[in-house]
Structure formats: C-alpha cells, structure tokens
Amino acid sequence: MAAVTLTNVVKRFGGFGVVHGANIDIAEGEFVVFVGPSGCGKSTLLRMIAGLEDISAGEIAIGGKVVNDVEAAERGIAMVFQSYALYPHMTVEQNLSFGLRMNGNPKPDTERRVRRAAEILRIDELMHRRPKQLSGGQRQRVAIGRAIVREPQVFLFDEPLSNLDAELRVQMRVEISRLHKELGVTMIYVTHDQTEAMTLADRIVVLKAGNVEQIGAPLDLYDDPANRFVAGFIGSPKMNFMPARVVETGPGAATVELVNHAGARLSKPLQSTPPAVGAEVVLGVRPEHFFDAGKGDCDIAVKADVAEHLGSVSYVYAGAGDDELIIEREASRQRASGDHLTVAIKADKALLFDTKGARIR
C-alpha cells in the first residue's frame, strides 16, 4: 500500500478549467471518497491519479514518488470502472488471469493470485461461468477481482455501483468495506452518492466545480460543515435552509428572525463577530433536529404536504411561506397531507450561513 499526495493539481481542457489547485493527502491504507455533483471534477481527479489524464499543473505522488511523467501501467494502481468491462467469451477464471498472463507473470503465481481473489470475493463457484451467466453484482465482483490479482499499492474505484439496483448497491457497499478491511490497501473511490461516501469512507473529499470544498471524516462533515454547499450535500434527507435576518447582536451571539415565520426568533451563540443588525442570513436545520413544540428556542407552524412512512423513521414534507421543510418526527407516522403542526428549533442544533454560503461560526 502507498500514500497518495496531490499538490496544487490543476486540469484544463483548452482554456476551460476543470480542477483548480487540488491539495489532498491520502495516508497509507486509508479509504478516501471523492464526492460531489456531476461535473465537479471528481472522476477527472481519479483519472489523473491513474495516469489516464495528464495534469496541467501541480504534482501527484504515489508512495513518495512523483508520478506526473510515469505511465499508468507503472504506477502500481488498479482501477475498477463503472462498466464491468469483462471479456464476454472468457470464463471468470480467464478474465481474472488474463492481464497477468499477458504480462508474462509465472503460471504458479498467477494461479495463486486468482485463487486468493476468488476466496476473498467468494466467487469460487463462478470460476467456469461466462459474464452473460452472472448477475450484475457477480460481474462487479469479478471486475474487482481483476484489480485484486494485480496486488496494487492503490485501488481506484470510479462509480463502480452505479449500474446496480438499490439492493445490490447496499450489498456491494458492505463487500467493498469488508474488502478494504481485509486487504488494508489504500483505496480512492469516486461517487456522486453521498450515502455511499458516508458509509464507506475514512475521510471524504467534497468537490464543487473543480474546487475542494472540505475534507474530513464523514460525521465531522455532517456535524461541522464548512459552508452551505457541504451542509446541503452531506446528509440524507438534506439539511433545511430558511431565510432569516439579524435583529439583534450582543457579545458572542446574534438574534435572528425567520423571514417566513412571523415572530419566530432565536439567539445563536457565535465564535466570530456577529453580522450587522439587518443583515440577511440563512438558518440551517437538519430534519432530525426539529423537536416537539415548546421544547426548543423558538416554535414554527407548518402545513404538511406529504408524509413518508419508512418503517422505523418517517418524514413530513411541509411548507410555510416559501420554506419547504423536511421534518423527521416520530409523531409524523400519524400525519397526513394538509395537517398543521408546530415544531421547535434549538439554537445549538442550528447552523448559520451568510447569503454567499459561508458558515458563520
């Protein structure tokens, strides 16, 4: 296994910038997930690490060695793509061994690596089948097996589960997590699905429009987002955002009033200098941080539009003025469209942002 370091990495296609000065340090044996919306540059970053894309500026180092000018085959990496890319006329065993055989790897060592991959992925009984005889999940296991037999320093995954149905995605997330624990190898994983990121990663790199917005452990990003984009992207259902204005300031605090909830005010403790009175701000509240009426710092009344009952948890999709809120409540199991309810917000559970999206701490 090897550490991976990106230093001021830039990628331009002609005059168009795709990645803008990325600085990322990935430790040996760490599982890091690049996450962000489509077009944010995450797959481009992965392809630059793999050597499939040239970098326009900066340095990429693998195992302490700068690899800017090193061919992809010499970087000690193995990549698993979104498409399985299996040879349809070959058996599973032949698919696993093909790359090693083409590189002249000794037959006994090739057989050992293939057996080991089959045992790790529990595909021993599939070795004599061809891809058309496999399910989607089995094909993805074989694709991962082709990476394992290379015994790389770093595994790269480019949205490997996006072709699978929901149940298989959950199953394969567990398999990949187990694989990381068993192999202990550095893994870098790209996805637009923040649930995958939260469940798999040691650390997450959140990207937006080619910029690294924040790097941290999943729960650190969830509890302490750097800005409104990270707060809204990490977490499912997403954080609620409500326009507000500052009506009073004092030492280490600002009192804000919610624009769409007349008279609803709460005082938010702050570490930084409070915004000026009259300043427009945005209050962020996660769905699980709404409480029963009277059990917070201010109450708001909303009208339920839709209630989703998901067994152990239920969500109310509600509105008040221009606010569209998602509220997690045990009582919502009995809610129906058109119901009115009152919920409470606690200041210590709410986050404050300026109108440009920067966090007000």
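The values are calculated or read from the model by the stated rules, or taken from the named source; none is laboratory data. Note that this is a predicted model, so its numbers are computed, not measured. Note that we place each Cβ from the backbone using ideal geometry, even for glycine, and neighbour counts take in every protein chain shown. We work out accessible area using only protein heavy atoms, side chains counted, and drop any ligands, DNA or RNA first. Shrake-Rupley method; radii C 1.70, N 1.55, O 1.52, S 1.80 Å.
Tell me, which residue of the stretch 56-73 that is of a type outside the set (A, V, I, L, M, F, W, C) and in contact (Cβ under 8 Å) with a residue 12 or more places away in the chain is farthest from residue 180 (Cα to Cα)?
Kept after step one, since they are of a type outside the set (A, V, I, L, M, F, W, C), are these residues of the stretch 56-73: 56, 58-59, 63-65, 68-69, 71.
Restricting the remaining residues to those that are in contact (Cβ under 8 Å) with a residue 12 or more places away in the chain gives 56, 58-59, 63-64, 68, 71.
On the way: 56: 31, 58: 29, 59: 26, 63: 18, 64: 22, 68: 27, 71: 26 Å.
Once the filter is applied, the top-ranked residue is 56.
Filter the stretch 94-105 down to the residues that are open to solvent by 80 Å² or more (accessible area, probe 1.4 Å) and out of contact with any Ser or Thr (no Cβ under 9 Å at 6 or more places or on another chain), then identify the one that is farthest from residue 186 (Cα to Cα). Restricting to residues being open to solvent by 80 Å² or more (accessible area, probe 1.4 Å) and out of contact with any Ser or Thr (no Cβ under 9 Å at 6 or more places or on another chain), the top hit is 102. Counting just the residues of the stretch 118-172 that are among the polar types (S, T, N, Q) and out of contact with any strand residue (DSSP E or B) (no Cβ under 9 Å at 6 or more places or on another chain), which one comes out most open to solvent (accessible area, probe 1.4 Å)? The qualifying residue most open to solvent (accessible area, probe 1.4 Å) is 133.
Identify all residues within the stretch 264-279 that are within 14 Å of residue 243 (Cα to Cα) and either of a type in the set (A, V, I, L, M, F, W, C) or in contact with a helix residue (DSSP H, G or I) (Cβ under 9 Å, 6 or more places away or on another chain) (or both); write none if there are none. Walk me through it before giving the result.
Start the filter on the stretch 264-279 by keeping residues that are within 14 Å of residue 243 (Cα to Cα), which leaves 264-266, 278-279.
Selection gives 264, 266, 279.
If a residue must be surrounded by 22 or more Cβ atoms within 10 Å (Cβ to Cβ) and either modelled with pLDDT under 90 or part of a strand (DSSP E or B) (or both), how many such residues does the stretch 195-211 contain? The total comes to 4.
Condition (residue is open to solvent by less than 20 Å² (accessible area, probe 1.4 Å) and assigned to a loop (DSSP other than H, G, I, E, B)) applied to the stretch 2-25: is it met by at least one residue? Scanning the stretch 2-25, I find at least one residue that is open to solvent by less than 20 Å² (accessible area, probe 1.4 Å) and assigned to a loop (DSSP other than H, G, I, E, B), so the answer is yes. When residue 216 is tested against the conditions (1) in contact (Cβ under 8 Å) with a residue 24 or more places away in the chain; (2) closer than 30 Å to residue 13 by Cβ; (3) not hydroxyl-bearing (Ser, Thr, Tyr), the lone failure is (1).
Every residue, every condition in (1) open to solvent by 50 Å² or more (accessible area, probe 1.4 Å); (2) within 24 Å of residue 46 (Cβ to Cβ); (3) modelled with pLDDT of 95 or more; (4) within 29 Å of the chain's Cα centre (by Cα), yes or no:
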position: 217; (1), (2), (3), (4): no, yes, yes, yes
position: 236; (1), (2), (3), (4): yes, yes, no, yes
position: 243; (1), (2), (3), (4): yes, no, yes, yes
position: 263; (1), (2), (3), (4): yes, no, no, no
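Residue 347 meets all of the listed conditions (1) among the aliphatic types (A, V, I, L, M); (2) over 25 Å from residue 221 (Cβ atoms); (3) touching a Cys at 6+ places or on another chain (Cβ under 9 Å) but one, namely (2). Of the residues making up the stretch 88-100, one or more are hydroxyl-bearing (Ser, Thr, Tyr) and in a loop (DSSP other than H, G, I, E, B). Look at the stretch 300-311: where a residue is farther than 11 Å from residue 330 by Cα and a partner is of a type in the set (Lys, Arg) and not in a loop (DSSP other than H, G, I, E, B), sitting 6+ places away or on another chain with Cβ atoms under 9 Å, you get 307/333. Among residues of the stretch 265-285 that are farther than 17 Å from residue 348 by Cα, those with a Cβ under 8 angstrom from a residue that is in a loop (DSSP other than H, G, I, E, B), sequence gap 6+ or separate chain, pair up as 280/355.
Mind checking which residues of the stretch 290-314 are open to solvent by less than 40 Å² (accessible area, probe 1.4 Å) and either hydroxyl-bearing (Ser, Thr, Tyr) or under 18 Å from residue 241 (Cβ atoms) (or both)?
Result: 290, 296, 298, 300, 302, 314.
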